[in-house]
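The values are calculated or read from the model by the stated rules, or taken from the named source; none is laboratory data. Keep in mind it's a predicted model, so treat the numbers as computed, not measured. Using ideal geometry, Cβ is built from the backbone for each residue, glycine included, and neighbour counts are taken over all protein chains shown.
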Amino acid sequence: MCQIFAGQDPARFRMVTRRVRLSGHSTSVCLEAAFWDTLEEIAEMQGVSLGRFLSKLHDEVLARGVERRNFAGLLRCACLTYARDVKGRRPCIEELEREAQTDFSVIEKAGIEKAGTRECEVA
């Protein structure tokens, strides 16, 4: 019964630490490789870099008044929400794409994005 889970490639659950810039501050986030893969997929679907996506998510969480101490946990839950509620569901994907076009175009118009800056690097 558990072979689908137990038989996973160990590379999927190895820990990977990346340096990211959140609200202007450089920090490290440590997640399993499979979660980084999923976050890359979400960012790509929204047409932005992973760093930009993480920064925007972080800012939105702070704007809602949510405690930010467990950002890695929030990212894992975001991946689970994506897998459960979004991936493979066209209406949800279209909604995320619309939101991304609005949210990220506002940021670009404000001149926040710096051309050629890499926001997310493997540490």
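For the stretch 33-45, the criterion of being surrounded by 14 or more Cβ atoms within 10 Å (Cβ to Cβ), farther than 17 Å from Glu99 by Cα and at pLDDT below 95 is met by no residue. The listed residues are Ala78, Ala72, Ala100, and the only one of them that is of a type in the set (A, V, I, L, M), surrounded by 10 or more Cβ atoms within 10 Å (Cβ to Cβ) and farther than 23 Å from Ser28 by Cα turns out to be Ala100. Among all positions in the stretch 47-61, there is at least one residue which is crowded, with 18+ Cβ neighbours inside 10 Å, in a loop (DSSP other than H, G, I, E, B), modelled with pLDDT of 90 or more and under 12 Å from the mean Cα position of the chain (by Cα). Just need a number here: residues in the stretch 1-29 that are in a strand (DSSP E or B), among the hydrophobic types (A, V, I, L, M, F, W, C) and farther than 15 Å from Leu50 by Cβ. The number of residues fulfilling the criteria is 1.
Screening the candidates Glu67, Glu113 for the property of being part of a loop (DSSP other than H, G, I, E, B), surrounded by 14 or more Cβ atoms within 10 Å (Cβ to Cβ) and at pLDDT below 75 yields one hit, Glu113. Taking the stretch 1-32 as the search range and keeping residues that are of a type in the set (A, V, I, L, M), more than 30 Å from Arg98 (Cβ to Cβ) and touching a helix residue (DSSP H, G or I) at 6+ places or on another chain (Cβ under 9 Å), which one is surrounded by the most Cβ atoms within 10 Å (Cβ to Cβ)? Checking each candidate, the answer is Val16. Of the residues making up the stretch 52-72, those that are touching a residue at least 12 places away in the same chain (Cβ under 8 Å) and under 18 Å from Thr102 (Cα atoms) are Arg52, Phe53, Leu54, Ser55, Lys56, Leu57, His58, Asp59, Val61.
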